[in-house]
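Any read-out appearing in this document is the output of simple, stated calculations on the displayed coordinates, not a laboratory observation. In this text the structure is predicted, and so the values were computed from the model without any measurement. Cβ sites come from the backbone with ideal geometry, for glycine too, and all protein chains shown count toward neighbours.
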Amino acid sequence: MTIFPLSNLLILLGITAGGVAFFLLKKVLAERERNLDQIKDQTLEWNRRLEAEVSKRTRDLESTHRNLEAAYLETVTALVEAMTAKDNYLGDHSHNVSHYAGVIAEEMGLAGERIERLKMGCELHDLGKIAIPDSILLKPGPLTPEEFEVIKQHPVWGARILEPLTFMRDITEMVNQEHERWDGKGYPRGLRGDRIRLEARIIAVADAIDAMTSHRPYRKSVSLDEVAAELKRNAGSQFDPQATEAAVSAIEKGILTVRSNTNH
Ligand SMILES: [Fe+2]
């Protein structure tokens, strides 16, 4: 009878133990892989749900934004109508300023939404005149210094009316700053140079163009050549030199022409 050597027995036991360990390890690894696959599937599912939720929220936000824009347009229209009802001239004047400002802005290279907002600012630039007493606003003759001080408050009133509309903050600033001057001698705050919003500097030039080209009971209108000369004379003092240059260039090219008023 052959006796199985102890050393061989130990080797056999070692091999068996190794095989069992390998089998167990493989089982554990397979289990881990299954778990990882489950986690991967779960993550993909969560991502899909998250994407669906995000696109739903985006759609909701877009719809809210559209409603807000519609409300915005209605608000602006109502404000412009209230202003026009107070003084016919103001309605025409605002449309004209909007037109001139648009031409100047395009000449300066502005475009799209920025010009649309600028035009909205123009339509509302004298909104604060709603708060000025008729005896001063509609006075046919020249104003006394005291009356002029009251008129000078209209940019503040305009901004105050628009202030609660936070989505119109840029337009509120245009309304508040349209009577500021490049040299800091304007009102209400005496802002200087590019501390004044660009759109407000453009409105100041457009406003002056309409004031000079409109027939008023107390003042005769002037030709566009005279307007261009007057703008050049005041560039760098009353007006932003770049906005002035753009306006003069548009006049010389024939892009900026006088708009006729319908209500007076
Ligand atoms: Fe004004």
Exercise. Roughly how tilted is helix 241-253, in degrees to the nearest 10 and between 0 and 90, from the longest Cα axis of the chain?
Worked result: 70 degrees
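So what's the net charge close to G109: Lys and Arg +1, Asp and Glu -1, counting the other residues with Cβ under 15 Å from its Cβ? Mind dumping the intermediate values first?
Details: positive: R114, R201, K253; negative: E106, E107, E113, E199, D240, E245.
Overall, the nearby charge balance is -3.
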Exercise. In Å, what is the Rg of the alpha-carbon atoms in the range 157-264, and how long is Dmax?
Worked result: 14.8, 42
Seminar exercise, completed: Straight-line reach check, K40, cutoff 22 Å on alpha carbons, 8 or more apart in-chain or any other chain, hits among lysines -> K26, K27
For this session: Among E106, E252, E53, determine the one that fluctuates most according to a GNM of the chain built with springs between C-alpha atoms less than 10 Å apart.
Result: E53
Exercise. Counting Lys +1, Arg +1, Asp -1, Glu -1, what net charge surrounds D207 among other residues with beta carbon under 10 Å of its beta carbon?
Worked result: -3
Seminar exercise, completed: For the chain, inverting the pair-averaged 1/r of distinct alpha-carbon atoms gives a Kirkwood value in Å of 23.2 Å
Seminar exercise, completed: Scoring only Lys, Arg, Asp and Glu (+1, +1, -1, -1) among other residues with Cβ under 15 Å from the Cβ of I251 yields -4
Problem set entry | Spatially proximal aspartates and glutamates relative to K185 (Cα-Cα < 16 Å; intrachain offsets below 8 disregarded) | E149, D194, D240
Exercise. What size of dipole, in debye to the nearest 20, comes out for the range 88-253 about its Cα centre when the only charges are +1 on Lys and Arg C-beta atoms and -1 on Asp and Glu C-beta atoms?
Worked result: 320 debye
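If contacts are Cα pairs under 8 angstrom and at least 6 residues apart, what is the relative contact order of the chain in percent?
Details: 281 pairs, mean separation 44.3, N = 264.
Averaging sequence separation for qualifying contacts and normalising by length gives 17 percent for the chain.
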Problem set entry | When the convex hull of its Cα atoms is projected in every direction, mean area for the range 8-86 (nm²) | 6.8 nm²
Exercise. For a label point 7 angstrom out from the Cα of W46 toward its Cβ, which stretches of the range 17-37 have the backbone nitrogen within less than 17 Å?
Worked result: 35-37
For this session: Taking every pair of alpha-carbon atoms in the range 95-172, give the share separated by more than 15 Å as a whole percent.
Result: 62 percent
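Using the 10 angstrom Cβ neighbour count as an exposure proxy, how do D207, D194, D87 rank, fewest first?
Numbers: D207 22, D194 11, D87 19.
Ascending number of Cβ neighbours within 10 Å: D194, D87, D207.
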